[in-house]
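Beneath this line is the structure, given in structure tokens, with notes to follow.
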Amino acid sequence: MSLKEYLFKILEPKFATTTARNRVSFLLKLAPKDATDLSFLKDLKTIKRRIDEYENVSTKANNLNHIVKTIDALNQEIKQTLIPDNIVKFYKEWLDELFKQKELKRQNNVKTENDKEGFKMNIDNLQNILDTQFKQFNNGKNITKAYLTKLSKQDKLVDFLRAYQKLVLLSCYVYQPALRNDWGTMIILTNLKKQNNQQNFIYLGKKKSYIIMNDYKTSKKYGKQIIDLDKRLVKVLNKWITIYKNTTQQNPYYLLYYNIDTNGLNHNDPASLSMIIKRASNEIFNIDYSINDYRKGWTKKFIEMPNYMKLTKLEKNRLHMLLLHSTEIAEQDYVRV
């Protein structure tokens with residue numbers, strides 16, 4: 001059994017799918033290549049150095065929390081202690097200290113430099129840039145099946161698909177209120193009867209298009225959410241699906257996002273989407289915006305609407321729920337100085 005399989009076996013029964021996936025992804029980054037269990041967590045010096053590589057206290061706390069929660073789950077699973085008690089105690093005391101620092105930072109009500117970057121963002125300007133990028137892409141030529149075949153014969157198809165997917169990914173955060181990395185988990189739904197309550201789906205209908213969110217960071221608090229899609233985004237996504245079909249001769253299962261090479265299109269781990277978004281943003285907008293920056297940009301757009309202060313509490317909640325968080329969290333984040 002690989003370490004990845006081992007971790008999923010321990011974590012999937014105890015946590016939401018997204019949470020389990022994020023924990024597995026982080027622990028795999030920490031683990032030596034030959035690791036088959038969590039015994040590498042005994043190496044406090046190495047683990048502390050790796051955690052301290054992150055400057056942001058919230059990131060440190062979240063990553064250390066992955067370790068602590070996984071150790072707890074492991075101890076419940078195997079009914080014995082793989083990680084010595086003194087090491088577990090160190091991790092938990094360290095985590096408590098980081099949580100205190102995180103709370104103190106929140107109470108001080110100060111925006112970090114990263115926060116400021118997101119709140120400088122002008123979503124309308126980015127939408128205009130993206131509109132232009134799509135119009136100019138491929139010199140405005142239609143992307144037909146014959147054209148894709150021609151690119152393949154010229155060994156230009158991989159670069160073409162990679163470039164187009166970057167624009168599609170950015171459109172999910174610029175045309176639509178920005179989710180987290182959930183776009184990497186979205187399953188294309190053609191029959192509404194085939195949905196379940198565990199996964200995330202996207203339905204692109206003739207009259208109405210929307211996403212169905214079951215598995216996301218705050219799902220235990222807010223439950224299933226259905227979010228309508230922007231018409232511009234629907235147009236982009238339908239075109240992307242057509243390109244996928246014409247390239248692979250198959251219907252895509254996941255909407256996004258794919259590792260694209262000469263072997264075809266293979267679905268990527270959604271946890272790595274944040275890195276791809278920063279790279280694509282830097283290439284298109286000349287700033288390496290993160291997913292969190294886009295979420296802050298949308299928060300800013302909502303709160304700075306001319307009629308925002310006249311909205312009822314319910315109307316504000318509906319607006320901010322497009323970002324899958326509360327009005328209180330959004331406004332608290334926005335007013336920090």
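Across segment 34-70, which residue is surrounded by the fewest Cβ atoms within 10 Å (Cβ to Cβ) among those that are at pLDDT 90 or above and β-branched (Val, Ile, Thr)?
Taking the candidates together, the pick is THR46.
Of all residues in segment 283-317, which are among the aliphatic types (A, V, I, L, M) and under 15 Å from the mean Cα position of the chain (by Cα)?
Filtering segment 283-317 down to residues among the aliphatic types (A, V, I, L, M) leaves 284, 287, 291, 303, 305, 309, 311, 314.
Matches in segment 283-317: ILE291 only.
Hey, does segment 218-232 have a residue that's out of contact with any helix residue (DSSP H, G or I) (no Cβ under 8 Å at 6 or more places or on another chain), over 21 Å from LEU322 (Cβ atoms) and either surrounded by 12 or more Cβ atoms within 10 Å (Cβ to Cβ) or in contact (Cβ under 8 Å) with a residue 60 or more places away in the chain (or both)?
No, segment 218-232 contains no residue that is out of contact with any helix residue (DSSP H, G or I) (no Cβ under 8 Å at 6 or more places or on another chain), over 21 Å from LEU322 (Cβ atoms) and either surrounded by 12 or more Cβ atoms within 10 Å (Cβ to Cβ) or in contact (Cβ under 8 Å) with a residue 60 or more places away in the chain (or both).
Might you let me know whether segment 191-205 holds any residue that is under 21 Å from MET321 (Cβ atoms), assigned to a helix (DSSP H, G or I) and β-branched (Val, Ile, Thr)?
no
From the set of residues in segment 318-332 that are assigned to a helix (DSSP H, G or I) and within 19 Å of the chain's Cα centre (by Cα), which is surrounded by the most Cβ atoms within 10 Å (Cβ to Cβ)?
So, considering only residues that are assigned to a helix (DSSP H, G or I) and within 19 Å of the chain's Cα centre (by Cα), the one surrounded by the most Cβ atoms within 10 Å (Cβ to Cβ) is ALA330.
If I filter segment 157-177 for residues that are touching a strand residue (DSSP E or B) at 6+ places or on another chain (Cβ under 7 Å) and closer than 29 Å to GLU12 by Cβ, do I get at least one hit?
yes
Confirm whether THR299 is out of contact with any Phe, Trp or Tyr (no Cβ under 8 Å at 6 or more places or on another chain), within 15 Å of ALA178 (Cβ to Cβ) and either surrounded by 18 or more Cβ atoms within 10 Å (Cβ to Cβ) or not assigned by TED's automatic domain parsing to the domain that holds PHE26 (or both).
no
Identify all residues within segment 247-266 that are touching a Phe, Trp or Tyr at 6+ places or on another chain (Cβ under 9 Å) and either in contact (Cβ under 8 Å) with a residue 24 or more places away in the chain or not in a loop (DSSP other than H, G, I, E, B) (or both); write none if there are none.
If the condition is that a residue be touching a Phe, Trp or Tyr at 6+ places or on another chain (Cβ under 9 Å) and either in contact (Cβ under 8 Å) with a residue 24 or more places away in the chain or not in a loop (DSSP other than H, G, I, E, B) (or both), then ASN251, PRO252, LEU255, LEU256, TYR257, TYR258, GLY264, LEU265, ASN266 are the ones that fit.
Any idea how many residues of segment 139-168 are over 27 Å from the mean Cα position of the chain (by Cα), assigned to a helix (DSSP H, G or I), without any contact (Cβ under 8 Å) to a residue 24 or more places away in the chain and surrounded by fewer than 14 Cβ atoms within 10 Å (Cβ to Cβ)?
Of the residues in that region, 6 qualify.
Scan segment 25-39 for residues that are in a helix (DSSP H, G or I) and either in contact with a Phe, Trp or Tyr (Cβ under 6 Å, 6 or more places away or on another chain) or of a type in the set (Gly, Ala, Ser) (or both) and report the count.
2
Of the residues LYS239, LYS235, LYS207, which single one is touching a residue at least 12 places away in the same chain (Cβ under 8 Å) and of a type in the set (Lys, Arg)?
Selected residue: LYS239, the only one of LYS239, LYS235, LYS207 that is touching a residue at least 12 places away in the same chain (Cβ under 8 Å) and of a type in the set (Lys, Arg).
Filter segment 10-21 for residues that are touching a residue at least 60 places away in the same chain (Cβ under 8 Å) and either among the charged types (D, E, K, R) or outside any helix (DSSP H, G or I) (or both) and give the result.
Matches in segment 10-21: LYS14, ALA16, ARG21.
Among the residues in segment 37-45, are any polar (S, T, N, Q) and farther than 20 Å from PRO270 by Cβ?
yes
Out of (1) surrounded by 15 or more Cβ atoms within 10 Å (Cβ to Cβ); (2) within 23 Å of SER272 (Cα to Cα); (3) modelled with pLDDT of 90 or more, what's the single condition that is false for THR19?
Unmet for THR19, out of (1) surrounded by 15 or more Cβ atoms within 10 Å (Cβ to Cβ); (2) within 23 Å of SER272 (Cα to Cα); (3) modelled with pLDDT of 90 or more: (3).
Given (1) part of a helix (DSSP H, G or I); (2) surrounded by 14 or more Cβ atoms within 10 Å (Cβ to Cβ), where does ARG279 come up short, assuming only one miss?
(2)
Looking for whichever is under 26 Å from ILE187 (Cα atoms), of a type outside the set (Lys, Arg) and at pLDDT below 95 here; the options are ASN317, ASN268. Which one fits? Break it down stepwise before answering.
Values: ASN317 fails: under 26 Å from ILE187 (Cα atoms).
The conditions single out ASN268.
The values are calculated or read from the model by the stated rules, or taken from the named source; none is laboratory data. Keep in mind that this is a model prediction, so the values were computed, not measured. Counting neighbours? That spans all protein chains shown, and the Cβs are built from the backbone with ideal geometry, glycine included.
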